[in-house]
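Only one structure is covered here, and it is reproduced in the block below.
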Amino acid sequence: VPDDAATLQQLLNPAFDPATTVLLADSVAPAPGAPASQTSEGSVDIKGYQPKRVQLETRAESQTVLLLNDRYHPDWRVFVDGAPAPLLRCNYAMRGVALPAGTHTVEFRFEPRATWLYVSAGATLAALALCVMFVFSSNPRRKTGAHEKSETPSSGD
């Protein structure tokens with residue numbers, strides 16, 4: 001599909017069949033010798049489903065796109081038989097992966113980039129530095145020089 005607006009239009013079309021069609025935001029090259037439009041049935045078994053990790057076992061007779069109807073986010077990573085694979089944005093807001101024919105183990109993992117960690121650590125260190133500066137700069141004034149003695153006149157002269 002050329003753009004998001006066209007994807008949304010197709011999704012709203014009553015003729016669109018989500019059981020047999022997946023709309024991709026990115027192009028996927030077909031396997032050598034595979035027809036450009038081939039529909040075949042396959043199967044998927046869910047082996048594990050946690051908030052940040054989804055494990056699936058798939059079987060397909062031909063190259064296919066596995067659509068996982070979970071929200072797409074670029075920090076999701078996908079692995080096919082243990083090897084990294086390109087994450088696809090499907091049906092405007094879902095995620096998927098292109099699979100060759102055969103049986104495969106597919107794992108989706110949410111692995112956010114660590115940039116938020118660096119920002120948080122930097123902010124914490126800056127706050128700590130400001131606290132240390134405040135503690136040392138708010139010490140009571142120190143007297144400098146010799147202590148002055150008050151002299152009282154002596155009465156016995």
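No lab work stands behind these numbers, since they all come straight from the coordinates. Predicted model only: the values in this text are computed from it and were never measured. A quick note on method: Cβ atoms are made from the backbone with ideal geometry, for glycine too, and the neighbour counts reach across all protein chains shown.
So the values come out like this:
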| quantity | calculated |
| --- | --- |
| Environment charge at Val65 (Cβ cut-off 13 Å; Lys +1, Arg +1, Asp -1, Glu -1) | +1 |
| Net charge of neighbours whose Cβ lies under 12 Å from the Cβ of Pro84, counting Lys and Arg as +1 and Asp and Glu as -1 | -1 |
| Mean projection area, nm², convex hull over Cα of the stretch 87-129 | 4.8 |
| Net charge of neighbours whose Cβ lies under 9 Å from the Cβ of Phe110, counting Lys and Arg as +1 and Asp and Glu as -1 | +2 |
